[in-house]
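Below is one structure; the comments refer to it alone.
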Amino acid sequence: MGDNASLNLTLTGNNTLKSGFDCAGLHIQDGASVVIAEASTGSLTATGGANAAGIGGGSHEDGGNITINGGTIIAIGGTNAAGMGGGIEGDGGNVVISGGDVQAKGGTNGAGIGGGGLSGSGGNVTITGGEVKATGGVNGDGIGGGDQGTGGTFSTGVNGNATIKAEGGK
């Protein structure tokens with residue numbers, strides 16, 4: 001998506017996005033935003049190519065503003081990238097999850113949700129609802145920074161009511 005672009009998405013059925021080298025599955029880079037609606041009854045599987053996030057930044061890009069209110073979301077980062085957040089050397093951006101079933105898996109060196117590998121910091125992650133499973137790739141945090149990146153910020157909000165499982169890579 002272009003700079004300052006925004007996308008409101010309501011999912012129905014099963015949807016798959018898979019990108020090639022350096023490109024994110026669903027490209028939401030710094031300055032862009034996506035909101036996945038609470039009314040979503042479908043699923044989205046987004047897989048980034050090498051160096052790019054499943055949902056977020058492409059190669060050498062920070063993730064943008066990602067809000068998930070419903071649906072089933074699977075975000076898989078390419079090598080050196082977050083499942084949801086930054087591409088290689090990219091920070092995580094702003095991720096807010098208030099509902100849905102979300103699974104995010106970082107590629108080698110990338111966080112599940114947060115920074116890409118090789119110095120990507122975690123960004124700002126808020127999870128107030130839904131079921132979330134975030135798994136970092138080898139050397140990446142479940143939620144936080146990619147390999148060599150800092151953790152960023154994490155919150156469950158004032159009245160958070162989510163099931164969260166976050167596991168760093170091994």
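The values are calculated or read from the model by the stated rules, or taken from the named source; none is laboratory data. All values reported here derive from a predicted model rather than from experimental measurement. Quick reminder, even Gly has a Cβ in these numbers, built from the backbone with ideal geometry, and neighbours come from all protein chains shown. Just the protein is used for accessible areas: all its heavy atoms, side chains included, with ligands, DNA and RNA removed. Shrake-Rupley method; radii C 1.70, N 1.55, O 1.52, S 1.80 Å.
Any idea which residue in region 112-132 is surrounded by the fewest Cβ atoms within 10 Å (Cβ to Cβ), counting only those that are part of a loop (DSSP other than H, G, I, E, B) and of a type outside the set (Ser, Thr, Tyr)?
Start the filter on region 112-132 by keeping residues that are part of a loop (DSSP other than H, G, I, E, B), which leaves 112, 115-123, 128.
Subset that is of a type outside the set (Ser, Thr, Tyr): 112, 115-118, 120, 122-123.
Working: 112: 34, 115: 42, 116: 44, 117: 34, 118: 19, 120: 40, 122: 27, 123: 33.
Residue satisfying both the conditions and the ranking: 118.
Hey, can you tell me all the residues within region 8-20 that are assigned to a strand (DSSP E or B) and surrounded by 13 or more Cβ atoms within 10 Å (Cβ to Cβ)? Scanning region 8-20 gives 9, 15, 17, 18.
Matching residues to (1) of a type outside the set (Lys, Arg); (2) surrounded by fewer than 24 Cβ atoms within 10 Å (Cβ to Cβ); (3) not in a strand (DSSP E or B):
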position	(1), (2), (3)
104	yes, no, no
107	yes, no, yes
110	yes, no, yes
134	yes, no, no
141	yes, no, yes
146	yes, no, yes
151	yes, yes, yes
157	yes, yes, yes
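The set of residues in region 159-170 being within 19 Å of residue 53 (Cα to Cα) and open to solvent by less than 50 Å² (accessible area, probe 1.4 Å) consists of 168, 169. Counting only residues that are at pLDDT 95 or above, under 16 Å from the mean Cα position of the chain (by Cα) and of a type outside the set (Ser, Thr, Tyr), region 1-36 holds 18 of them.
Select from region 49-70 the residues that are small (Gly, Ala, Ser) and either open to solvent by 10 Å² or more (accessible area, probe 1.4 Å) or not in a loop (DSSP other than H, G, I, E, B) (or both) and list them in ascending order.
At the first step, the residues of region 49-70 found to be small (Gly, Ala, Ser) are 49-50, 52-54, 56-59, 63-64, 70.
Result: 50, 56, 59, 63.
With respect to the conditions (1) more than 25 Å from residue 41 (Cβ to Cβ); (2) part of a strand (DSSP E or B); (3) in contact (Cβ under 8 Å) with a residue 60 or more places away in the chain, residue 166 falls short on a single one, namely (3).
Scanning region 23-48 for residues that are touching an Asp or Glu at 6+ places or on another chain (Cβ under 9 Å) and open to solvent by 20 Å² or more (accessible area, probe 1.4 Å), we see that the one that is farthest from residue 121 (Cα to Cα) is 43.
Filtering region 83-98 to residues that are within 19 Å of residue 36 (Cα to Cα) and either open to solvent by less than 10 Å² (accessible area, probe 1.4 Å) or within 11 Å of the chain's Cα centre (by Cα) (or both) leaves 83, 84, 85, 86, 92, 93, 94, 95, 96, 97.
Just need a number here: residues in region 39-48 that are β-branched (Val, Ile, Thr) and either under 16 Å from residue 7 (Cα atoms) or assigned to a loop (DSSP other than H, G, I, E, B) (or both). Summing the residues that are β-branched (Val, Ile, Thr) and either under 16 Å from residue 7 (Cα atoms) or assigned to a loop (DSSP other than H, G, I, E, B) (or both) in region 39-48 gives 1.
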